[in-house]
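Following: one structure in structure tokens, then a few remarks.
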Amino acid sequence: MLFLRYFGAVVLVVLTPVSGASGDALVLSGVTGERGGTLVFGQRNEPKTFNPVIAADAASRELILRVMADLIHINRATQLTEPALAKSWTVSHDGLHYVLSLRRGVRFSDGQPFTADDVVFSFQVYLDEKVRSPQRDLLLLEGKPISVRKLDSYRVAVDLPRPYAVAERLFDGLAILPRHILEPVYREGKLAQAWNLSSLPTEVVGLGPFRFKQFLAGQRVVLERNPYYWKVDQAGIQLPYLSEVDLEFAGSEDTQVLRFQDGQSDVISRMSARNFAALEKDRVRRGYALSDVGPGLEYSFLFFNLNELPEGASPEVVARQRLFRRASFRRAVSVAIDREALVRLVYLGRAAALSTPVPLGDKAWVNAKLPHIVRSLPQAHQALAAAGFSRAPDGALLDPEGKPVEFSIITSAGNTERLQMATLIQDDLKQLGMNVHVVPLEFGSLVNRVFQTHDYEACLMSLIDSDADPNPDMAVWLSSAGNHLWHPEQKTPATPWEGDIDRLMREQMVTRNRNERKRIFDRVQEILMENLPLIPLLSPDILVGAKNGLGNFRPAMMDHYVLWNIEELYWRAEAR
Amino acid sequence: MNRRWRIGLTSIFIALVVAPLLLAGFVAPYPYAEQHREYPYAPPAAVRFVKARPFVEVGGRWCEVRLLPGNGRLFGVAAPCVIFLSGTDGNGRDVFSRLLYGGRISLMTGLLSAFLSLALGLAAGVVAGYFGGWPDWLLMRGGELVMALPWLYLLLATRALLPLHISAVEAFVWPAAIIGAVGWVRPARLIRGVVLSGKERGFVLAARGFGAGHAYLIRRHLLPLTGSVVVTQATVLIPLYMLAEMSLSFLGLGVEEPMPSWGNMLTEASHYHALILHRWLLAPGVAAIPVLLGFLLLADILLDGRHD
């Protein structure tokens, strides 16, 4: 709601590619601003690399995307795809063949021209198994790579191995590399070592709005305007407006918040609800504005370990597993959780309770027909009693075999919110007579237990989707996938309903009619809510802030929440 | 003031600050895990006396505080009123009650681990000092190794290997056991020194000359010599280990939710928002001062006496 209201108020960006003296510059009509000034941004973590091919961590990727550009881009405000380096494209009837026309006259940040060769080279690198790019998986459809061919200097053909519903979205965030610089390194087999933190900032060349000027380990990265950038505003002024961007490493969220409050940084991205409340106190006096963009693409959930047990597991573990496998037990747990209290106490109301395991930011894809889950202890008692559970004289819940129900919830020790949610759920379930332990674990050992050893009982976790579409979650819902949290990497679906989900998810992936896809994904959510492999909890709001006077500041609920339109950001005269 | 008086007064002071912690089940108005979800981050209640009868304010309403309200607690207010003398945390749990229960856990951990490390230290120190030779070498070099290990990092690493199911008692005992087991070296060295000098003293040599056995010599002559060292060490180690427990729980390695300890309560207070908006969460830090001060004062007086 908040999100709609916020964006209802701003002028929609209309994109009209025109060709002019400076080649095919992209004109952002409706965008105006003034050139000059520096933006200081407090980044939580330091980047690990400047190399877009191997970057996997959020800090590196966020930085790299400021200096790189992609062919087709997802507009973070509209969540629709729009032309970027590809000024237009055509699709064959079967949806398998794309022809992309590239912008002419575009130059890299070192002045060298951009052509189809750079595109073909980039895809060659991303798809090369030896390079081990984390982007490679995104370019495989059911294990088969897409192929990219050069038609002429400004046209490339992209062939998909099988139809894919939202193929254009694959190109978002895929940085186009300068062939003239990286090809020799690639031939030597040293691409993974290129553009590391000890490289000279000027060596890193891209097509983004900025280029590297300086990197001080442990302190900051300074970006300067790319003089060859290919976007102009409606008045014909070349973007970006800002002369420099200073990304300072804060190390922790509290430091980020302190620096922002003190005016040392101009923008703050993704803070906790408590810090948001703390900052709100000084808002007017310090001259900054805070905004709640609404629930984003993060969703938190509780799940039970449903893995196959190794041979020789103790009878105690076997009994507990039998318990977790009962859908009636998982349903009772779900209905006993006070989601409203989680929203109110943990996120101070800046989150939304979920009734399906799809983040609320993915609004268009949430099955709105699913009933809202209202906490009801009588309903939970009833469900448990019907499944043969009983209460001991001391109030403890006994499973149908007469054993007291006791289990532990593991959660990441580093995340205060999730830890508090687990504590509240522990108290909720105590009222059903369940004896629940909360075990905070260091994130690495948590991941190890969930994905490798399967030595846990229940886990409270969050996922952040990379796109507002069902496809990024294929890796969660497919029973053969590695992120199928409750029972990863199944050879054949362990249950009939997981088989149904596999079939439906594959079907939606190749269905090109959007309504049809939505219908299929709605059915997936119904099956998920009947069986509750993930018990959905809530989606936290995206909370951001910026100094007054920053023009065109339009925070989005997708990643790069505040800097996604960095080329349009500018300082109003009074703020300089 | 003479020393006896100073020891007496300090002991009374310690007893006064420690008594409410030990009697937490009676003095605290609420159980430590009770959540009042309608009152997250409630500030400390305002107390007012009307005709010598205390009232607290809750949401604009004044409720009378009753002594011995009949629920086995020292004081309380009739429902639906609530009393949060030191405010509540993010889950709506009474900070004052958690402070008392948490203090009891921190204090008991301090006492238990001090006892453990003194017992281990005494055994190791006496064996090393009395027998000398290879047992001495083994214990002292082993002790140096223990001192040299980066325990905090080892604890962080080993925590992941512990079983997930830990009962409330185990959750309390294991940090105490670890602190105690790591801390034996220092008392052991001191006691070794006392035993080393003691075994050369005339009456010990004489007893040995009369044919006294090892067990008799140690029990009758050497252990009494170590008495004052043990008592002084105890007063130094108890506050030290209380702090150690607080640090472990602060880092999430000690007592776990929903059980409070001063350390894990301070974790919540360490966030920026707490310093700005919810300062009452810092109560455990303030409460620790008189308790630690009491023990350290006593240690100081006892050490003074030794120099006299």
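The values are calculated or read from the model by the stated rules, or taken from the named source; none is laboratory data. Just so you know, these numbers come straight off a predicted model, no measurement behind them. So basically every Cβ, Gly included, is an ideal-geometry build from the backbone, and we count neighbours across all protein chains shown. Side chains are part of the model used for accessible areas, which takes the heavy atoms of the whole protein and leaves out ligands, DNA and RNA. Shrake-Rupley method; radii C 1.70, N 1.55, O 1.52, S 1.80 Å.
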Checklist entry - Mind checking the angle between helix A:416-430 and chain A's longest principal axis? C-alpha axes, 0 to 90 degrees, to the nearest 10. => result 20 degrees
Checklist entry - If you line up the long axis of helix A:496-510 against the longest principal axis of chain A, both from Cα atoms, how many degrees apart are they, to the nearest 10? => result 20 degrees
Checklist entry - Which whole number of Å³ per residue matches the convex hull of the alpha-carbon atoms in the stretch A:261-373? => result 173 Å³
Checklist outcome for this item: In debye to the nearest 20, the charge dipole size for chain B, taken about the Cα centre with +1 at each Lys and Arg Cβ and -1 at each Asp and Glu Cβ, equals 880 debye
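Just to make sure I understand: if all protein chains stay in place, what is the order of A:171, A:553 by accessible area at 1.4 Å, largest first? List each step's numbers first, then the result.
Numbers: A:171 10, A:553 35 Å².
Sorted descending by solvent-accessible area, the residues read A:553, A:171.
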Checklist outcome for this item: Cross-link reach from residue A:363 to lysines, straight Cα distance under 16 Å and at least 8 residues apart if same chain, gives A:518
Checklist outcome for this item: Given all pairs of distinct Cα atoms, the stretch B:65-111 yields a Kirkwood Rh in Å of 12.0 Å
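At 1.4 Å probe size, with the rest of the protein present, what percent of the exposed accessible area of the stretch A:298-540 is carbon and sulfur atoms? If you can, show how the numbers build up before the last one.
Details: 4950 of 9380 Å².
Taking all protein chains in place, the stretch A:298-540 shows 53 percent carbon and sulfur surface.
Counting other C-beta atoms within 10 Å, and keeping those with at most 14, which DSSP coil trypsin sites (Lys or Arg not before Pro) do you find in the stretch A:422-524? The partial results should precede the final answer.
Details: sites: A:430, A:449, A:491, A:503, A:506, A:512, A:514, A:517, A:518, A:519, A:523; in loops: A:491, A:512.
Loop-located and lightly packed - A:491, A:512.
Let me know the charge dipole size of the stretch A:298-540 about its Cα centre in debye, to the nearest 20, where only the beta-carbon of Lys, Arg (+1) and Asp, Glu (-1) is charged.
Working: 26 positive and 30 negative charges, 131 e Å.
That gives a dipole near 620 debye.
What does the C-alpha gyration tensor say about the overall shape of the stretch B:166-308? Classify as rounded when a/c is under 1.5, otherwise prolate if a/b is larger than b/c, or oblate.
Details: a/c = 4.56, a/b = 2.35, b/c = 1.94.
Prolate is the answer for the stretch B:166-308, as a/c is 1.5 or above and a/b outweighs b/c.
Would you kindly state how much longer the chain becomes between residue B:289 and residue B:71 on full extension, computed as 0.36 nm times their sequence separation minus their alpha carbon distance, in nm to one decimal? Intermediate results must be reported in sequence, preceding the final value.
On the way: separation 218, 0.36 × 218 = 78.48 nm, distance 3.09 nm.
Taking 0.36 nm per residue and subtracting the Cα distance, the gain is 75.4 nm.
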Next on the checklist: Need one value for B:268-274: mean number of C-beta atoms belonging to other chains within 10 Å of its residues' C-beta atoms.
Outcome noted: 6
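Treat the stretch A:298-540 as a sphere of radius equal to its Kirkwood radius over Cα pairs and apply Stokes-Einstein at 37 °C in a medium of 0.692 mPa s; give the translational diffusion coefficient in µm²/s, rounded to a whole number. Please report the intermediate quantities before stating the final value.
Working: Rh = 18.4 Å.
Result for D is 178 µm²/s.
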Item to check | For the stretch B:121-137 versus the stretch A:519-557, the gap between their alpha-carbon centres in whole angstrom | outcome: 65 Å
Checklist outcome for this item: Helix A:327-336 sits off the longest principal axis of the Cα atoms of chain A, rounded to the nearest 10 on a 0 to 90 degree scale, by 80 degrees
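How much length is gained on full extension from residue A:187 to residue A:281, taking 0.36 nm per residue of separation minus their Cα-Cα distance?
Values: separation 94, 0.36 × 94 = 33.84 nm, distance 5.66 nm.
Fully extending the segment from residue A:187 to residue A:281 adds 28.2 nm.
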Next on the checklist: I'd like the accessible area for residue B:30, computed on protein heavy atoms only with a 1.4 Å probe and all protein chains in place. Round to 10 Å², please.
Outcome noted: 30 Å²
Checklist entry - Label residue A:313 and residue B:64 with points 7 Å out from Cα along Cα→Cβ: what is the distance between them in nm? => result 5.9 nm
Item to check | Total formal charge among the other residues, if their Cβ is under 9 angstrom from that of residue B:90, Lys/Arg +1 and Asp/Glu -1 | outcome: 0
Item to check | Loop-located trypsin sites (Lys or Arg not before Pro) in the stretch A:319-423 whose Cβ has at most 11 other Cβ within 10 Å (DSSP) | outcome: A:369
Next on the checklist: Using a 10 Å cut-off around each Cβ of peptide B:33-42, what is the average number of partner chain Cβ atoms that fall inside?
Outcome noted: 3
Item to check | Globularity index of chain B, i.e. its alpha-carbon radius of gyration over 2.2 N^0.38 Å | outcome: 1.23
Checklist entry - Looking only at B:245, B:200, B:170, which one moves most when chain B is put into a Gaussian network model with springs between Cα atoms under 10 Å? => result B:200
Item to check | Rounded to the nearest 20 debye, dipole of the protein assembly as shown from Cβ charges on Lys, Arg, Asp, Glu | outcome: 1900 debye
Item to check | Residue-normalised accessible area of the stretch A:487-576, given per residue in Å² at a 1.4 Å probe | outcome: 36 Å²
Checklist outcome for this item: Comparing B:121, B:132, B:252 in a Gaussian network model of chain B (Cα, 10 Å), the one with the largest mean-square fluctuation is B:132
Checklist entry - Do any GluC sites (Glu not before Pro) in the stretch A:325-410 lie in a loop, going by DSSP, with at most 12 other beta-carbon atoms within 10 Å of their beta carbon, and if so which? => result A:401
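Could you compute the net charge surrounding residue A:140? Neighbours are other residues with a C-beta less than 13 Å from the C-beta of residue A:140; K and R count +1, D and E count -1. Please report the intermediate quantities before stating the final value.
Numbers: positive: A:136, A:144, A:162; negative: A:128, A:129, A:137, A:142.
Charge balance in the 13 Å sphere: -1.
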Checklist outcome for this item: With a 1.4 Å probe and ligands and nucleic acids left out, the total accessible area lost when B pairs with A, in Å² to the nearest 100, equals 2500 Å²
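If you take the Cα Rg of the stretch A:406-482 and divide it by 2.2 N^0.38 Å, with N the number of residues, what do you get?
Details: Rg = 14.2 Å, N = 77, 2.2 N^0.38 = 11.5 Å.
Compared with the compact-globule rule of thumb, the stretch A:406-482 sits at 1.24.
Averaged over its residues, how many other protein chain Cβ atoms are within 10 Å of peptide B:64-72's Cβ atoms? Walk me through the intermediate numbers first.
Values: counts 0, 0, 0, 0, 0, 0, 0, 0, 0.
Neighbouring Cβ atoms belonging to other protein chains average 0 per residue here.
Using packing as a proxy for protection, rank A:65-78, A:184-197 so that the peptide with the highest average count of other Cβ atoms within 10 Å comes first. It would help to have the intermediate numbers written out before the result.
Values: A:65-78: 21.9, A:184-197: 15.2.
Descending mean neighbour count gives A:65-78, A:184-197.
Can you give the translational diffusion coefficient of the stretch B:1-134 in µm²/s, computed by Stokes-Einstein from the Kirkwood radius over Cα pairs at 37 °C and 0.692 mPa s?
Values: Rh = 18.0 Å.
It comes out at roughly 183 µm²/s.
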Checklist outcome for this item: Here the residues of the stretch A:150-171 lying in the modelled label zone of residue A:523, meaning backbone nitrogen under 20 Å from a point 7 Å along Cα-to-Cβ, are A:163-166
Next on the checklist: Based on alpha-carbon centroids, what's the gap between the stretch B:220-286 and the stretch B:94-110 in Å, whole number please?
Outcome noted: 10 Å
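Just to check, using Stokes-Einstein with a Kirkwood Rh over alpha carbon pairs, what's the diffusion coefficient of the protein assembly as shown at 37 °C and 0.692 mPa s in µm²/s?
Values: Rh = 31.5 Å.
Diffusion coefficient, whole number: 104 µm²/s.
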Checklist outcome for this item: residue A:223 neighbourhood, Cβ < 11 Å, K/R = +1, D/E = -1, net charge +2
Checklist entry - Whose amide H sits under 5 Å from the amide H of residue A:213, counting only residues 5 or more places off or on another chain, with H placed in the peptide plane? => result A:222, A:223, A:224
